[in-house]
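The values are calculated or read from the model by the stated rules, or taken from the named source; none is laboratory data. No experiment lies behind these values; they were computed from the predicted model shown. Glycine also receives a Cβ, built like all others from the backbone with ideal geometry; neighbour counts cover every protein chain displayed. The accessibility values were calculated without ligands, DNA or RNA, using every heavy atom of the protein model including side chains. Shrake-Rupley method; radii C 1.70, N 1.55, O 1.52, S 1.80 Å.
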Amino acid sequence: LLCCLLMLSAARWTMLLDTYDTSALKRMATRENVIVQLRATVVSVPTESEVPGSLLSWERDGEQWRTRFLARCSDARSGDEWVPLPGLCRVSVDGRAAERCGRGDRVIITGRLSWPGQTGNPGEFDFATYLRRRQTGGLIYVDHAHAIEVETPASRYSPGYWLTHARRTAQRIIERSVSRTRRALALALLLGDRSEVRPETETAFVSSGTMHLLAISGLHIGILCALLIRIFHWLFVPWRWALWRSQFMLLR
């Protein structure tokens, strides 16, 4: 059974990679900085982080920000018509765009579609292979938050809406209550956002063997599982059913 499972997994992975390599979005992204207008659905909660001003073309109140999220594209504008162009993209916005869109929103994105080049040095991080393994078809760079237009907002009854709302509220509380020097670690530990963590800080965590604190690991899953079991216990749910249900929810 284990051998059959491994063979089926390898076959499925090969089929997915073949489909990904021949996708229209991937072929368009490999061109040189194509300006496109895409219709897509936001599939991750947008996260904001401060970056050096020299890396951005947009500044607000003396602070430079960049917003990142994943979007699943459906079609692109070609002239006056929309043509199918499915695929997953990583969106990077110069500015604070987390308030403009949230997970589950149907948006229209105007930006530069590109693809990372090949590595030039031995041992260098291969970003293209990283994206390929995650079936990401392109990188979209947006110059301003207003270049993202929400076509259809997420329903208030959808999990994505409440997940976005909870994350935004938690991020505001952290930014208001935690000092700037400790904010990056607080966001990484509590929200899993490592975009503001400095490389030397990550190196210190790796050297001390505590890098699992900054990543989604068994520690976080165990804490979440214990919290779910405690909630089921307050609702007088039987122990066995609560344990099975908690594990099922975490696997999803």
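Listing for the model above:
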read-out	value
Packing-based order for 80-87, 184-191, using average beta carbon neighbours within 10 Å, highest first	184-191, 80-87
Built amide H within the under 5 Å cut-off of Ala97, gap 5+	Thr67
Karplus (6.51, -1.76, 1.60) ³J(HN,Hα), θ = phi - 60°, over region 90-104, in Hz, Gly and Pro reported as x	9, 9, 10, 10, 7, x, 9, 10, 5, 7, 8, 8, x, 4, x
Most mobile listed residue (His212, His146, His233) in the chain, GNM with C-alpha springs under 10 Å	His233
Virtual spin-label span in nm between Thr129 and Thr152, 7 Å along Cα→Cβ	4.0
Table column - 3J(HN,Hα) (Hz), region 157-168, Karplus curve with 6.51, -1.76, 1.60, x for Gly and Pro	9, 8, x, x, 5, 6, 5, 5, 4, 5, 5, 4
Shape of region 163-202, Cα gyration tensor, a/c cut at 1.5	oblate
Segment Thr14-Arg72, length gained on full extension (0.36 nm per residue, minus Cα span)	18.8 nm
Accessible area per residue, Å², the chain with all protein chains present, probe 1.4 Å	64
Over the chain, relative contact order from alpha-carbon pairs under 8 Å, at least 6 apart, %	17
Under Karplus coefficients 6.51, -1.76 and 1.60, residue-wise ³J(HN,Hα) of region 182-191 in Hz, glycine/proline x	10, 5, 4, 5, 5, 5, 5, 6, 9, 10
Relative contact order computed over region 66-204 (Cα-Cα under 8 Å; 6+ residues apart), in percent	23
Protein accessible area in the chain, 1.4 Å probe - carbon and sulfur %	58
Gyration tensor (alpha-carbon) shape descriptor, region 111-235, a/c threshold 1.5	oblate
If the convex hull is drawn through the Cα atoms of the chain, its volume per residue in Å³	199
